[in-house]
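FYI, it's all coordinate maths here, none of it is from the lab. For clarity, every value in this text was computed on a predicted model and none was experimentally measured. Glycine gets a Cβ as well: all are built from the backbone with ideal geometry, and neighbour counts include every protein chain shown.
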Amino acid sequence: MPILRNAARLVVALLLGCGLAAACRAADDAGAKSAPPPPGEVRWWKGNLHTHTFWSDGDDFPEMVADWYRERGYHFLALSDHNVLARGVRWVPEADLLKRGGPAVVTRCVERFGGAWVERQGTGDAAEVRLKPLDEFRALVEERGRFLLIPAEEISDTAEGVPLHICATNIAEPIQPLGGATIVEAINANLRAVHDQAEKAGREILAHLNHPNFHYAITPHDLAHAVIERHFEVFNGHPRVNQQGDARRPGVDRLWDIANTIRLVDLAAPPLFGLATDDSHDYHGPPEDSRPGRGWVMVRAAYLTPEHIVRAIKRGDFYASTGVELRDVGYDADRKVLRVAVNPVAGATYTVQFIGTLAGVDTRGTPLEPAADPATDAKERGRHRHRYSERIGEVLATVEGVDAEYRLTGRELYVRAVVTSSLPPADPVWDGQKQQAWTQPVGWLVPAAAPTP
Ligand SMILES: [Zn+2]
Ligand SMILES: [Zn+2]
């Protein structure tokens, strides 16, 4: 089905409430030493929405993890442990913590926050340390207009024999994974549970799908057809999530284009927005571990509160980054122009690619050849896996420099921008990785009655 350009009720995809002309202050002036920004001023806020701690399989105390991000200029952080919220009384064997976090992990917390902060009971093999709930430690690290902690959970499910993880940000009650006969059913079931909680609690909750290529679990077909899912990770800093794909299966960037094209052409559904996150577990490990500081979002909002941050991400007023900082990004729907302005750093050059799919493309593709490896073949059997047209997610224009714009011709189903720096990230995940920023798809049209949970 072609895109419904002639349907009676069309809405233009709207992005970017701040607009081109608005003066959005850059993020780099918000270090811990400067005065907090005046309330109500629209600006960029930096945050990570996917983080692990001792509450599940991370290797440090939650307050130490929060402190790590705060000290590095992040403005918000969601601690998203697996299937749990940090609350209630939890004593854990000290030996387990030392095994996971190293022999100095408790000492470091005592040095940072003082001996009276860390609670211990028992001695010898029976020694235990108390994990603090969010409501106890947040007062130690939060500050108005500077640093905000948002309660979150990584709902960690399986379906069709593969993992399915969804982060729910600003959640009030834990959600146990609901499963389903297929990946799409399981995504929908968990998203409905998030939606129901948000309705009941009268609360803004963001759900975003994690690392689709972890175990190559979420196929392009799945990502497209779970149409009530609106957000996913275009970048996840964990080294074992197959970010770049392989010879048979697309990298996550291309997975995004395939899913968005199928949605717009075949399903009359809006495209996904892309986040970057750390998925950090290992705060003291080697580069091949999932370390913090590799992927984040920059969100444009007037207040550093959970509601304002979540609402801005829901409407697409943010970009994903592994190092490139944007001064501005905006879509002028009247002129049909997407404009990107980079905040450059000394010694770097920048390439801006405008990526999109033109109308008339074939969205069916051809069935993917079976994997040579029998174990992979067995896992993939019965799943909808196709190889898709190279015309999906084409580079429509390339600009070298820090200011770039793309004027839509009317043939694009959507356009998005990717900015790539000549410099590597501070802590690269793979050899040859460059700092990047991803903006959200714009210029798309869908029926006003878009699918909802
Ligand atoms: Zn996960
Ligand atoms: Zn995770």
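Here are some notes:
- Label reach from Val345 (point 7 Å along Cα→C-beta): in the range 65-102, amide nitrogens under 16 Å belong to 72-74.
- Extension gain, Arg240 to Glu288, is 16.4 nm, computed as 0.36 nm per intervening residue step minus the present C-alpha separation.
- Reach of Lys434 by Cα under 30 Å, taken over lysines that are not fewer than 8 positions away in the same chain: Lys33, Lys46, Lys314, Lys336
- The spacing between the range 228-260 and the range 126-165, judged by their C-alpha centroids, is 25 Å.
- The stretch between Asp362 and Asp332 holds 7.9 nm of extra length on full extension. This uses 0.36 nm per residue minus the Cα-Cα distance.
- Protection proxy ranking for 286-293, 118-125, 360-367, using the average of other Cβ atoms within 10 Å per residue and placing the highest first: 286-293, 360-367, 118-125.
- For a label point 7 Å along the Cα-to-beta-carbon line of Gln121, residues of the range 86-104 with backbone N under 11 Å: 89-92
- Annotation: peptides 37-47, 369-379, ranked by per-residue average of other Cβ atoms within 10 Å with the highest first, follow the order 37-47, 369-379.
- Overall Cα dimensions of the chain - principal axes, largest extent first, Å: 71, 54, 46
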